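The values are calculated or read from the model by the stated rules, or taken from the named source; none is laboratory data. Because the structure is predicted, anything quoted here is derived from the model rather than measured. Don't worry about glycine lacking a Cβ; one is built from the backbone with ideal geometry, like all the others, and counts go over all protein chains shown.
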Amino acid sequence: MAVLTLALDLVIAVLLVATIVYAYILNRRLGVLRGDKSELINLIARFNEATIRAEGSLHKLRAAAADTGKMLQQEMSKAQTLMDDLSYMAKRGGDLADRLESEVQRARAVASARAEKATPAVRPGRAATALGDRFAGATRSETERELLRALEASR
């Protein structure tokens, strides 16, 4: 029986050695896991800080976008008003140009008729001078004077 007890003691000793080796390996792995856990906690803390900063920046960005939208709407309103004013002025300018053109044509016709009655052979360019003579006594605006000068220069 002594051999049997010795064999049993030996088996128990081998199992104990195997358990101790396994416990040592398990302890090392648990140590690595604990180290990774602290790194994971640090990583989560940094991620949380970054999330908080991103939320703050998002709020600021939304506020800036709202302000920019308001400013853009105001500028568009101003631009629309200016566009309406310019359209009105262009229409009025076109009407004025049409009136001036018809007056110039009428004045040319009158000057041409007078020139033909006065002398049978009229020199070229005399019609523009006759036009200037017709309006010589009238009070003219600066625009009318410039128009007459341009007409005389074009002949």
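Tabulated data for the structure shown
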item	result
Every pair of residues 6+ apart whose Cβ atoms lie under 7 Å, when the first sits in region 28-48 and is in contact (Cβ under 8 Å) with a residue 12 or more places away in the chain while the second is of a type in the set (Ser, Thr, Tyr) and assigned to a helix (DSSP H, G or I)	none
Set Ser77, Ser87, Ser57, Ser102: member being closer than 25 Å to Thr143 by Cα, without any contact (Cβ under 8 Å) to a residue 24 or more places away in the chain and within 30 Å of the chain's Cα centre (by Cα)	Ser87
Out of Asp85, Asp67, Asp9, Asp36, sole residue that is under 30 Å from Leu147 (Cα atoms) and part of a helix (DSSP H, G or I)	Asp85
Selection count where residues are modelled with pLDDT of 80 or more and either surrounded by 10 or more Cβ atoms within 10 Å (Cβ to Cβ) or part of a helix (DSSP H, G or I) (or both), scope region 115-142	1
Leu43 vs. criteria within 30 Å of the chain's Cα centre (by Cα) and surrounded by 10 or more Cβ atoms within 10 Å (Cβ to Cβ)	no
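Yes or no, residue by residue, for (1) exposed (fewer than 10 other Cβ atoms within 10 Å of the Cβ); (2) within 53 Å of the chain's Cα centre (by Cα); (3) not hydrophobic (A, V, I, L, M, F, W, C):
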{"residue": "Met1", "(1), (2), (3)": "yes, no, no"}
{"residue": "Leu4", "(1), (2), (3)": "yes, no, no"}
{"residue": "Ala7", "(1), (2), (3)": "no, no, no"}
{"residue": "Leu10", "(1), (2), (3)": "no, no, no"}
{"residue": "Ala18", "(1), (2), (3)": "no, no, no"}
{"residue": "Tyr22", "(1), (2), (3)": "no, no, yes"}
